[in-house]
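This report refers to the structure that appears directly beneath it.
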Amino acid sequence: MEKEMGINKPVRIAITGPESTGKSELCISLSKYFNEPFVDEYSREYLAQTGGAYDYNDLLKIAKGQFQRETDLLSSPPNYLFCDTDFLVTHIWSIVRYGKSHQWIEEMILQEPYDFTLLCQVDLPWEYDPLRKNPQNRDYIFNLFKDELIKLNCPYGIVTGTGSERLQNAIRLLKSNGFVPNVSV
């Protein structure tokens, strides 16, 4: 954990990747394991209010709502903040769906980088959810995430496995990249 001008700065961990790759479950599990807060996925709440309907401009509202949730939790800084989604999710989804992304989202990817990103591999079966749209191209979308993380030079690791193995692999990635002190998994 960094100290900046006498203020604790939490380690912000983004859990990202294509739909139905266990992001929410992993985020909650990490939060419980470390006894630290997590930010749930704002888009689910937003889309519940719209009946699942959205357009290009709604993606900007979703990104801003997600960021506000993170900001609210940072008012009394924890050691870690686990984030179930990030600007990259909104950016990539916008490009896949609309062929473009809002400038504000692109700027925030650069201005508000996460300390580390856990990119969830497409090794879990796709599960139906009324908000999910892409069971057939998750590998393609996974590669978009990976390419973008590399292009942006973001520190990241790819999380694999199922159930508790997935959590253990995520903890190992955090540990091997210096974000977790010696912990046993």
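Bear in mind these aren't lab numbers, they're just calculated from the coordinates by the rules spelled out. These figures come from a predicted structure and were not determined experimentally. Here the Cβ is made from the backbone with ideal geometry for all residues, glycine too, and neighbour counts use every protein chain on show.
Using r as the Cβ-Cβ distance of residue 139 and residue 49, and R0 as 25 Å, what FRET efficiency do you calculate, to the nearest 0.05? Walk me through the numbers on the way to the answer.
On the way: r = 31 Å, r/R0 = 1.25.
Here the calculated transfer efficiency is 0.20.
Please report, ordered by residue number, every helix of the chain (full DSSP H runs) that is 18 Å or longer along its axis going by C-alpha atoms and whose mean Kyte-Doolittle hydropathy reaches -1.0.
On the way: long enough: 56-73 (27 Å, -0.84); 138-151 (19 Å, -0.39); 163-176 (20 Å, -0.55).
TM-like helix candidates: 56-73, 138-151, 163-176.
Below 8 Å between Cα atoms, with a sequence gap of 6+, how large is the relative contact order for the chain in percent?
Working: 259 pairs, mean separation 54.9, N = 185.
In percent, rounded to a whole number, it is 30.
Report the paramagnetic label zone for residue 35: residues of segment 61-98 whose backbone N is under 18 Å from a point 7 Å from Cα along the Cα-to-Cβ axis.
Backbone N within reach: 77-82.
Using 10 Å bins from zero, what percent of all Cα-Cα pairs in the chain falls into each bin?
Result, from short to long distances: 9, 38, 39, 13, 1 percent.
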